[in-house]
Structure formats: structure tokens, C-alpha cells
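Below is one structure, written out as C-alpha cells, with a few remarks after it.
The values are calculated or read from the model by the stated rules, or taken from the named source; none is laboratory data. Owing to the predicted nature of the structure, the values given are computational and were not obtained by experimental measurement. Cβ sites come from the backbone with ideal geometry, for glycine too, and all protein chains shown count toward neighbours.
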Amino acid sequence: MKDTLTGMFGPKRDWYVRIAICILAIIIVSLVGPFSTYERFGLGQRTLYWGALISGFLLPAHWIRVWVRHSIPGSTLRRDFRAVFAIGLCLAPVIWWVNRQLLGEIVAGWSAFFEHLVVIWLICLVPLLVRHFVLAPSETAAPVQPEPVAAQRLADTDAVIPLLRHLEPDMRGPIQRVSANDRQSQIYTEKGEASVRMRFADVLIQLDGASGMQVHRSHWLAFDAIDKLQQDGRRYVAKLRCGASVPVSPTYVSGLTDAGVTLSDG
């Protein structure tokens with residue numbers, strides 16, 4: 001259940017950032033009172049008005065971002081900028097219409113619409129910049145160093161698969177699979193499961209040398225973790241020896257079969 005919710009809504013820390021930015025945006029627009037709300041309402045009324053309007057569009061903005069990130073290729077930063085652009089185009093007309101119904105003709109013109117669009121873009125850019133230039137550096141922080149005895153035992157494995165250095169010593173072992181989860185990556189080894197704050201693209205680089213391959217835009221599998229590959233119509237699913245199932249993109253099917261994975265009909 002926890003993994004399902006995390007996959008749907010993203011890591012908890014990202015949501016803390018979104019909510020904090022949302023609260024900050026509510027405070028700023030409540031104090032400034034754009035679109036004549038400063039003259040029409042008191043501070044408490046402006047806070048309730050803008051609070052309801054901004055928080056009401058927080059989740060739709062998140063889903064637009066998720067759709068853009070999974071539908072458009074490119075680097076993470078480039079996809080996030082495109083998501084900001086899409087959020088503005090999708091939500092600005094709705095927010096402008098709501099304000100027009102409540103505030104009247106003062107926000108009916110094209111200049112008011114364009115102002116809505118710019119304000120939404122600016123509000124969305126703040127969490128994007130925080131996410132990429134404040135939180136992202138933590139991904140490259142020095143990994144936790146193992147105890148001397150553990151380091152000696154794991155030296156050969158770490159040299160081949162640098163990704164293991166980001167795990168606690170008691171979690172290091174042959175990697176079975178890795179799954180992307182927004183800006184986190186879930187790493188499954190024979191010792192258990194661990195979460196690392198690292199982009200999936202960076203994870204793939206550190207998996208160079210491991211016996212496996214990327215099978216989906218969000219999944220990497222070790223060859224010996226796969227029991228069989230099943231085809232159901234145009235869909236492919238890898239059945240793992242641990243009992244889990246992982247989707248496989250058609251692009252990677254030939255690579256799996258070349259590696260000796262059995263392909264069967266669903």
C-alpha cells in the first residue's frame with residue numbers, strides 16, 4: 001500500500017516542498033491582493049479566497065507534471081520546464097474564468113488572462129528550481145562509508161557496481177532490480193530493499209558492469225532475477241523469481257531474448 005501511494009503521489013519530501021511553496025504563494029498573493037482583491041476583501045478574506053484557489057489546483061498541477069514527464073523525452077530538467085509550461089496553459093484559463101465570475105469585468109480582458117498565465121508560471125518555477133538546484137545536490141553527496149571489515153568484504157563488488165556504495169553495508173548484495181520513483185530510485189538486492197535519492201538516468205550509469213539491462217523507462221532488471229518474459233497482446237511483462245512482475249517496453253524485448261530470457265505467451 002505504501003509503495004502504491006508513493007508511486008502515485010511521489011516521494012514525501014517532494015510533497016513537503018510543494019505544500020511549502022503553496023503556502024508561501026498563498027501568503028504572498030494574500031498580502032499583495034492582485035486583480036482588485038486588495039480593494040474588495042480584507043486580509044482574512046483574501047487569505048481564504050486565494051488559499052482555496054491555489055490549493056485546489058495543487059493536485060491537478062501535479063498530475064499534469066506527471067503526464068508530461070512520462071510522455072515527453074529529454075533530460076529531467078527539460079521535461080520539468082515543459083511541465084511548467086503545460087501547467088500554465090492548462091490551469092490559467094480555468095483560474096482566469098473563476099476569477100472573472102467572482103471579480104467581474106476587471107479581469108475579463110486579455111491582459112488579465114496573460115497576467116494569470118505569467119503568475120502561474122512563476123509560482124510553478126519556484127518548486128522546480130528548488131527541486132533541481134537545492135535538493136538535487138544531496139544526490140551527489142558522499143556515500144556512507146562502510147566499516148573497515150565490511151569494506152574489505154565488499155570492495156570487489158563495489159568496484160564493479162558503484163551504485164552499491166550508496167547503500168548501507170548490510171543492504172549490499174547482488175542487485176535484482178531497480179525502479180524509478182520520481183526523483184527517488186528503489187533498489188532491490190538479495191538483502192532487501194532500499195531507497196536512494198538519485199535520478200534513474202544516473203542509476204543506470206552506475207549499473208554499468210552489472211549483469212542486467214534497462215527494460216522500461218522506469219525499470220532495470222538483473223538477468224538472473226528474471227524467470228520468464230510473457231507476452232499478452234502488445235504488452236510484455238517480466239515475471240521475476242521473487243514473484244514480482246515488471247512491465248517491459250517492446251524496445252527492450254530483443255535484448256532480453258538475446259540474453260537468454262524465455263519469451264512465452266500470456
**Message:** Filter segment 42-53 down to the residues that are free of Cβ contacts under 8 Å to residues at least 40 places away in the same chain and closer than 16 Å to Pro93 by Cβ and list them by number.
**Reply:** none
**Item:** Pair list, Cβ < 7 Å and 6+ apart or interchain, from segment 224-252 residues that are free of Cβ contacts under 8 Å to residues at least 12 places away in the same chain to residues that are charged (D, E, K, R)
**Value:** Ser245/Lys239
**Item:** Residues (at pLDDT below 90 and surrounded by 15 or more Cβ atoms within 10 Å (Cβ to Cβ)) located in segment 231-243
**Value:** Gln231
**Item:** Scan of segment 246-266 for residues that are among the aliphatic types (A, V, I, L, M) and buried (at least 17 other Cβ atoms within 10 Å of the Cβ), ordered by number
**Value:** Val246, Val248, Val253, Leu256, Val261
**Message:** If Ile106 satisfies all but one of (1) surrounded by 18 or more Cβ atoms within 10 Å (Cβ to Cβ); (2) at pLDDT below 75, what's the number of the condition it fails?
**Reply:** (1)
**Request:** Can you give me the number of residues within segment 205-220 that are under 21 Å from Glu168 (Cα atoms) and either touching a helix residue (DSSP H, G or I) at 6+ places or on another chain (Cβ under 6 Å) or crowded, with 17+ Cβ neighbours inside 10 Å (or both)?
**Result:** 5
**Request:** With a cut-off of at least 1 residues that are outside the structural domain of Arg217 (by TED's automatic domain parsing) and either farther than 30 Å from Met198 by Cα or more than 30 Å from the chain's Cα centre (by Cα) (or both), name the helices (runs of 4 or more DSSP H) lying wholly within segment 24-120.
**Result:** 37-40, 43-56, 76-103
**Message:** Can you tell me how many residues within segment 34-56 are at pLDDT 80 or above and surrounded by 18 or more Cβ atoms within 10 Å (Cβ to Cβ)?
**Reply:** 3
**Asked** Out of segment 253-266, which residues are in contact (Cβ under 8 Å) with a residue 12 or more places away in the chain and small (Gly, Ala, Ser)?
**Response** Gly255, Ala259, Gly260, Ser264, Gly266
**Prompt:** Could you say which residue among Ser211, Ser264, Ser245 is within 29 Å of Val66 (Cα to Cα) and either touching a strand residue (DSSP E or B) at 6+ places or on another chain (Cβ under 6 Å) or among the hydroxyl-bearing types (Ser, Thr, Tyr) (or both)?
**Reply:** Ser245
**Asked** Restricting the search to segment 172-188, which residues are free of Cβ contacts under 8 Å to residues at least 60 places away in the same chain, over 21 Å from Arg65 (Cβ atoms) and buried (at least 19 other Cβ atoms within 10 Å of the Cβ)?
**Response** Arg172, Ile175, Val178, Ile187, Tyr188
